[in-house]
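*Asks:* Here it is: the structure, laid out below.
Read-outs throughout are calculated quantities, based only on the coordinates presented, and are distinct from any laboratory measurement. In this text, all values refer to a predicted model and were calculated from it rather than measured experimentally. For neighbour counting, all protein chains shown are included, and Cβ atoms are generated from backbone atoms with ideal geometry for every residue, glycine included.
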Amino acid sequence: MEKLKLTLGLLTIMILFSCKEKQYADKIYEKPEIVREAPSKFLSPEESMKTFYLPEGYKVELVASEPMVDEPVAIAWDGDGRMYVAEMNTYMQDVDGTGTNRSISKIKLLEDLDGDGKMDKSTVFIDSLLLPRMILPLENELIVNETFSYDLWSYKDTDNDGVADKKERVYHNKNRRGGNLEHQQSGLLWNLDNWVYTTYNPARFKFKKNKVIVDTLENMTRGQWGLTQDDMGIMYYSTAGAENPAYGFQQHAVYGAYDPPGRLAEGFMEPWPIVGTPDVQGGPKRLREDNTLNYFTGVAGQELFRGHKLPPSMYGDLFIPEPVGRLIRRAKVKNENGKKVLYNAYDKTEFMASTDLNFRPVQAKTGPDGTLYIVDMYRGIIQESNWTREGSAIRPVIIRKELDKNIGKGRIYRIVHEDIKPDKRPNMLGKSASELLEYLGHPNGWYRNTAQKLIILKEDESVIEDLKDIARDNESFFGGLFNADKDFGLQRIHALYTLEGLDALDKTLVNEKLKDEDTRVKVIAIRLCDSYLKSGDTSLLSSLEELSKSDDIEVVNQIALSLRNSKDKKATEILDFIGEKFNENEIIAHSVKESLKKDDSRLAQLKEQFSDKSINDRKRILDGYDIYNQLCITCHGADMQGAKSEDGLLIAPTLIGSPRVLGNKNTLNKILLNGLIGPIDGKEYGIMLPLKDNGDQWLSDVLSYVRAINGASLISKKDVRNTRAATKDREDYWTLEELEKEEKTKNR
């Protein structure tokens, strides 16, 4: 009888969820006639919202707008649902970017006092910042990073007036972050694994009550504006520089960068705006006959939606803002024989699109209320000043459309469904660690991650045994199967990683979880073996060997990834077995191949390759390698042969065997100092941006690395300094024709 009741209960739950899916089935909007040349005048928030197109049943609600917010670029919530908003108040205030580097930007604190979803109060939490890029709320503080810096600062409001009154640097790197404004790091994502990640910077951080732990990953994926994660902690990156809307999501970042061909479905790179896009940096080649954007270009601020107050079919979808195209792509993530592949959720249509030329979505976020939030910078110019200089394709368009006049505003929206009521504000900051345990199984990923973070920051050891009980048998711990909102597998995963964050994870529990009935828990347990394997512990290898006989691709692939941490002979034998059994599976074969390399890293190879150089020269080459990977790799590729866009075209020319690299040092210095525009060897590429804001040592190191790989002599700091002095009055880009003419004149 009890079994019958249990079965009927489960069937009821399944039927209810099935009905929900049918009830919320998407019906896409009827696309309006394309507006080739829309006016650029400012619209009020209410007027702008009338230009939005969304699937049937979805609607946009205004959360905040000017003057409450001004030039917003990023948002984050504390445990009580108060919203921090980073503003770039000096971003492109005219076509030349005059005054960009003034330290007058702000971080606002917004509060919804009556619970209606719209913000009622705005306070300047931090003032006088240089273009703040990253914000991470902890328990009672906000971690902040500013442009051109690696430093992380902690800000606290000790008297509860909504204004930070205590400032402390918690991470310091004396080097200036190089590159232009758009090639800076972003992120500060507290990952499932309790490390906090950024995009370009290979460093990652762990926050404890009284210290910050720093670690580095040599072969980590690097991206630009935006970083998000799925339920398993797999992160999704994007880069506007390489026109790449999504990558890095095949495996966790700790196992290195891997982006197999076919990860984006055929046609995925083609966006479908509903308004003409005259202000695209690529010019006519990036426009259709109807004047709309034909290829993703400004991708930024993507979000893997994990909320609970929109139709269930939206959970786990990737939302990619495209501010140049004035749209947001909804991507379905499908697992095809172990490879994750992204598909547009609609046929030749976007989830959200606007005819308002000032609609500039730069970030999407899952909110505590379970809905999807959109940060709209709402402005005319979205490109940084290096792309709007004299001679650029976009400058005449900006001036003609008067986009440079549209500044000083900003909107934050949330996307809701007309049949689903958003959740109330959270109330987590005042709760004890034991009271937060149940949130580890909340249907909203924001709650699960926030609860895990807060429990770890409290460092309360009294919950350790409860966490172990949850990891072992959370269905009994929370009263059985009939709590339909909970995903018990995800709750066990968060319990395991919360124990890891409290330094309370034990090997016995990990070994138990290798046999968990939920594949996701099994995969996480394998990943948690990494630290033991790395330390030389071989006691878990027998369990991993047994698991390697499974036909579950996710399980076997994680074993292949994790075994790169062990140098034991048994680990190699298991990898050989997996490699032979799954030799036709692209994903597993790659994992096995990379894991068999063990310590044969790129850094180790470089040290060996240049072992005959002096200590100083080796240091300069390795420093240049680090700079290259944080900046140049986006366009020139890891192998220096030019990164390819998804349509197979090179973003930038190859540096291997390049006559510019191997030729006159002074000419090469000029290119880096002032940039390069126009055709190169008969082909058109994007603009090579000027890097003169960086120091002579920085420039000479990265150039020395590039030349050393090409077998050429290094460039000295003095070389760069002399070129800088000789060209100090030049503001424009160089063209190859100019440089070649100058060189010929000097050689006469």
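*Asks:* Give me Leu293, Leu547 sorted ascending by neighbouring Cβ count inside 10 Å, so fewest comes first.
*Replies:* Details: Leu293 25, Leu547 19.
Fewest to most other Cβ atoms nearby, the residues stand as Leu547, Leu293.
*Asks:* Output the relative contact order of the chain, whole-number percent, from Cα pairs under 8 angstrom with separation of 6+ residues.
*Replies:* This gives 11 percent for the chain.
*Asks:* Okay, helix-only estimate at 222 nm for the chain: each DSSP H run of n ≥ 4 adds -39500 (n - 2.57), divide by all residues, round to 500 deg cm²/dmol; what do you get?
*Replies:* One gets -8500 deg cm²/dmol as the mean residue ellipticity at 222 nm.
*Asks:* Considering only Val280, Trp387, Ile328, whose Cα is most displaced toward the positive end of the charge dipole of the chain, charges sitting on Cβ of Lys, Arg (+1) and Asp, Glu (-1)?
*Replies:* Trp387
*Asks:* Each label point is 7 Å from the Cα along the Cα-to-Cβ direction; what then is the distance between the points at Ala712 and Thr508, in nm?
*Replies:* Each label point is offset 7 Å from its Cα along the Cβ direction, giving 6.3 nm.
*Asks:* Go through 380-391, 212-223 and give me the packing order, highest mean Cβ count within 10 Å leading.
*Replies:* 380-391, 212-223
*Asks:* Cα centroids of the stretch 575-635 and the stretch 82-112: how far apart, whole angstrom?
*Replies:* Measuring centre to centre over Cα atoms gives 39 Å.
*Asks:* I've got another one for you. With every atom except the alpha carbons ignored, what do you get for Rg and Dmax of the stretch 433-599, in angstroms?
*Replies:* 16.9, 49
*Asks:* Given the pairs Lys285/Lys644; Lys507/Lys597; Lys208/Lys567, which are separated by over 19 angstrom at their Cα positions?
*Replies:* Table pairs above 19 Å Cα-Cα are Lys507/Lys597; Lys208/Lys567.
*Asks:* Follow-up. Output the Kirkwood hydrodynamic radius of the stretch 604-747, Cα pairs only, in Å rounded to one decimal. Intermediate results must be reported in sequence, preceding the final value.
*Replies:* Details: mean 1/r = 0.0638 Å⁻¹.
After inverting the mean inverse Cα-Cα distance, the result is 15.7 Å.
*Asks:* Taking Cα centroids, how far is the stretch 46-77 from the stretch 517-570 in Å?
*Replies:* Here the two parts' Cα centres lie 45 Å apart.
*Asks:* If I model a spin label at Ser550 and Leu662 as a point 7 Å from the Cα along the Cα→Cβ vector, what separation in nanometres do I get?
*Replies:* That separation, rounded to one decimal, is 5.1 nm.
*Asks:* Work through the residues other than Gly380 whose Cβ is under 9 Å from its Cβ and net out their charges, Lys, Arg +1 and Asp, Glu -1.
*Replies:* Net charge around Gly380: +1.
*Asks:* Moving to a separate point now. Test of understanding: ordering Ser566, Ser539 by Cβ neighbours within 10 Å, fewest first, what list do you get?
*Replies:* Placing the least packed residue first, the sequence is Ser539, Ser566.
*Asks:* On to the next question. Nearest 20 debye, what's the magnitude of the dipole of the chain about its Cα centre given +1 on Lys and Arg Cβ and -1 on Asp and Glu Cβ?
*Replies:* Taking the Cα centre of the chain as origin, the dipole is about 1960 debye.
*Asks:* Moving to a separate point now. To the nearest 20 Debye, how big is the dipole of the stretch 433-599 about its Cα centre, given +1 on the beta carbon of each Lys and Arg and -1 on that of each Asp and Glu?
*Replies:* 540 debye
*Asks:* For a quick check: sort Cys632, Cys529 by the number of other beta carbons within 10 angstrom, fewest at the front.
*Replies:* Ascending Cβ contact count within 10 Å gives the list Cys632, Cys529.
*Asks:* Here's a follow-up. Please report the relative contact order for the stretch 604-747, taking Cα pairs under 8 Å with a sequence separation of at least 6, and give it as a percent rounded to a whole number.
*Replies:* 23 percent
*Asks:* Could you list which residues have their amide H under 5 Å from that of Arg133, counting only those 5 or more apart in sequence or on another chain, with H placed in the peptide plane?
*Replies:* Correct list: Asn145, Glu146, Thr147.
*Asks:* Explain nothing, just the number: dipole magnitude of the stretch 312-438 about its Cα centre with +1 on each Lys and Arg Cβ and -1 on each Asp and Glu Cβ, in debye rounded to the nearest 20.
*Replies:* Charge dipole, the stretch 312-438, about its Cα centre: 300 debye, nearest 20.
*Asks:* Distance between the C-alpha centers of the stretch 685-728 and the stretch 189-206? Whole Å please.
*Replies:* Here the two parts' Cα centres lie 30 Å apart.
*Asks:* How would you rank 571-580, 256-265, highest first, on the average number of other Cβ atoms within 10 Å across their residues?
*Replies:* For the peptides 571-580, 256-265, the packing ranking is 571-580, 256-265.
*Asks:* What nm value, rounded to one decimal, do you get for the distance between Asp693 and Glu289 when each label is placed 7 Å out toward the C-beta?
*Replies:* A separation of 4.2 nm, rounded to one decimal place.
*Asks:* Which residues' amide hydrogens lie under 5 Å from the amide hydrogen of Ile680, considering only partners 5 or more residues apart or on another chain, with H built in the peptide plane?
*Replies:* Counting only residues 5 or more places away or on other chains, the set is Tyr685.
*Asks:* Turning to a different aspect of this structure: Could you tell me the relative contact order of the stretch 433-599? Use alpha-carbon pairs under 8 Å, at least six residues apart, and round to a whole percent.
*Replies:* Details: 196 pairs, mean separation 26.4, N = 167.
Here the relative contact order equals 16 percent.
*Asks:* Among 515-521, 420-426, 127-133, 171-177, what's the highest-first ranking by average C-beta atoms within 10 angstrom per residue?
*Replies:* Descending mean neighbour count gives 127-133, 420-426, 515-521, 171-177.
*Asks:* Would you work out which of Pro368, Gly648, Met235 lies farthest towards the positive end of the dipole of the chain, given +1 charges on the beta-carbon of Lys and Arg and -1 on that of Asp and Glu, about the Cα centre?
*Replies:* Gly648
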